[in-house]
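Heads up: the structure comes next, in structure tokens.
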Amino acid sequence: ARKCVLSGLWKNELGSNMTISAVNTDGGFTGLYHTAVTATDKHIRVSPLKGSQKPTNQRKQLTFGFTVSWTFSNSMTVFVGQCFMDDKGKETLKTMWLLREEVSSPGDDWKATRVGTNIFTRIK
Ligand code: BTN
């Protein structure tokens, strides 16, 4: 059976791209995220991501999580998901994310977190 590999270049349905580097022996990885959209009025810049997969030895369907620390805003996004391998060897990453923005007071906490889903497919 063919196994999922997170390393490489991925694109989601919003048009965002991410590059994930080689996964190390502990399951850890880093990468770069180029979002196509922003909740801010800032100019978008490529931002670093850091995450891990489990189990560390590659499986057909593996789970993973990563954090993106946006370089152009005060927000962070965490993604959690699973890689699915179909019969044709095509990989899909099904994820859910939480986007946390900085608000000025606890009274604004209620509106500080967005939630959503993204599906990534491999470009390279
Ligand atoms: C910000 O607006 O403060 C930073 C950019 C956030 C982009 C979000 S993260 C979840 C969703 N998936 C994407 O590819 N982009 C948006």
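The values are calculated or read from the model by the stated rules, or taken from the named source; none is laboratory data. Owing to the predicted nature of the structure, the values given are computational and were not obtained by experimental measurement. Cβ placement follows ideal geometry from the backbone for every residue including glycine, while neighbour counts extend to all protein chains displayed. To get the accessible areas, we keep the full protein, side chains included, count just its heavy atoms, and leave off ligands, DNA and RNA. Shrake-Rupley method; radii C 1.70, N 1.55, O 1.52, S 1.80 Å.
Below are the figures for this structure:
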read-out	value
Qualifying residue in the range 1-19 (condition: open to solvent by less than 20 Å² (accessible area, probe 1.4 Å), more than 15 Å from T121 (Cα to Cα) and touching a Leu at 6+ places or on another chain (Cβ under 8 Å))	no
Residue count, the range 106-124 (criterion: part of a strand (DSSP E or B), free of Cβ contacts under 8 Å to residues at least 40 places away in the same chain and open to solvent by 80 Å² or more (accessible area, probe 1.4 Å))	2
Candidates Q53, Q61 - the one that is surrounded by 14 or more Cβ atoms within 10 Å (Cβ to Cβ) and among the polar types (S, T, N, Q)	Q53
Qualifying positions in the range 7-30 - at pLDDT below 95 and within 11 Å of Q53 (Cβ to Cβ)	V23, N24, D26, G27
Any hit, the range 61-75, residues being under 19 Å from V5 (Cα atoms) and more than 15 Å from the chain's Cα centre (by Cα)	yes
Leading residue by the ranking (nearest to the chain's Cα centre (by Cα)) among those in the range 30-47 that are surrounded by 14 or more Cβ atoms within 10 Å (Cβ to Cβ) and not β-branched (V, I, T)	Y33
Count - residues of the range 80-105 that are over 22 Å from N17 (Cα atoms) and either surrounded by 13 or more Cβ atoms within 10 Å (Cβ to Cβ) or touching a Lys or Arg at 6+ places or on another chain (Cβ under 7 Å) (or both)	1
Test set (1) farther than 16 Å from G8 by Cα; (2) in contact with a Pro (Cβ under 7 Å, 6 or more places away or on another chain) - F79 fails condition number	(2)
Looking only at the range 106-124, and only at residues there that are among the basic types (K, R) and within 15 Å of the ligand (Cβ to nearest atom), the one that is nearest to S52 (Cα to Cα)	R114
